[in-house]
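Read the figures in this text as sums done on the coordinates, not as results from a lab. Note that this is a predicted model, so its numbers are computed, not measured. FYI the Cβ positions are ideal-geometry reconstructions off the backbone, even for glycines, and counts take in every protein chain you see.
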Amino acid sequence: MLTRFVISAAAGGLLVACAPDAPPASEAAPDAASPRAYFEQTFSGRWGMDASCAEEGLFRLGPDRLELYERSCDVLALERDGDRIAARTQCAEEGQRMAENTHILSRVSDSEITVSDGHYEWTRHACGATGAQTQGAQ
């Protein structure tokens, strides 16, 4: 669809210019403040108990799936509250489906986050982050 703009010329004549309308909402670029976009830029990736990211305690996080230890969770919905994300999840552990739950992900710093399931809270560090504490560091 086109929108018409009328521009008057100095000689008294009229010029008509056409410009495309704004794209429909379905074609618009994703909102950087949307929960999914914020999750992708802040929490997506691998997070370890320290920056060395040994397999023990490694979390793999994405906007569609959370891998926490031996717990694997499908993300059903994301909701943003400031710097925090509430991820409504359906998890399975040791082959058993668990009840739906909400995991809260909070950014502590550029290289550190916390993840809470309402019972436990874990602190994780970005894999390979410079300046993050590694095992054996004082």
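Among His119, Ala92, Thr102, whose Cα projects farthest towards the positive end of the dipole of region 35-126, with charges put on the beta-carbon of Lys, Arg (+1) and Asp, Glu (-1)? Farthest towards the positive pole: Thr102. Amide H to amide H distances under 5 Å link Leu76 with Arg88, Thr89, Gln90, where only residues 5 or more positions off or on other chains count and H is placed in the peptide plane.
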